[in-house]
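Here is the structure we will look at.
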Amino acid sequence: MTDLHAQGLAAFREMLPGLIPDEVTSLADEAIAGELGDLSIEHVFGALWTRPGLDRRSRSLVTLGVLIALRASDELKFHFPIALRNGLTVAEVEEVIYHVAGYAGYPAAASARAIANAVLH
């Protein structure tokens, strides 16, 4: 396991406790593109979420905006709770949804609103 992978697992576990058990060190499986989970842990959570330039709260604001604009529904299901854990309020999550509507469109914002309501209430 690389240092970035270990840092990524630690960051992921802090933001979504209990989702990956402590004894699990790899998310690789036998499916097509089975290494995707490990690549995400290393490259996103290890290399990006642990950088010193932004705090996790700020990274959550940026991440929510990007994921809403991309209409990345599956990822938003994880990142709305991460955002709250990283210090955002539900009111701030709402403001991100409103703000993205103006730049990425109302369909993307409406989809994010539905996911936020399902996940956060």
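The values are calculated or read from the model by the stated rules, or taken from the named source; none is laboratory data. Fair warning: this is a prediction, and the values are worked out from it, not measured in the lab. So basically every Cβ, Gly included, is an ideal-geometry build from the backbone, and we count neighbours across all protein chains shown. Ligands, DNA and RNA are excluded from the accessible area calculation, which covers all protein heavy atoms including side chains. Shrake-Rupley method; radii C 1.70, N 1.55, O 1.52, S 1.80 Å.
If you bin every alpha carbon distance in the range 1-52 into 5 Å steps from zero, what whole percent lands in each bin?
Taking every Cα pair in the range 1-52, the percentages come to 5, 23, 31, 25, 13, 3, 1.
Could you point to the label whose value was computed as mean projected area of the Cα convex hull in nm² for the structure here, given [x] 8.0; [y] 14.0; [z] 7.5?
Working out mean projected area of the Cα convex hull in nm² from the coordinates points to [x].
Probe of 1.4 angstrom, ligands and nucleic acids ignored: what's the accessible area per residue over the range 1-52, in square angstrom?
Value returned for the range 1-52: 65 Å² of accessible area per residue.
Can you run phi through the Karplus equation (6.51, -1.76, 1.60; θ = phi - 60°) for the range 102-118 and list ³J(HN,Hα) in whole Hz, with x for Gly and Pro?
With coefficients 6.51, -1.76 and 1.60, one gets x, 10, 10, x, 5, x, 5, 5, 5, 5, 5, 4, 4, 5, 4, 5, 6 Hz.
Magnitude of the Cβ-charge dipole of the range 55-120, K/R +1 and D/E -1, about the Cα centre, nearest 20 debye?
120
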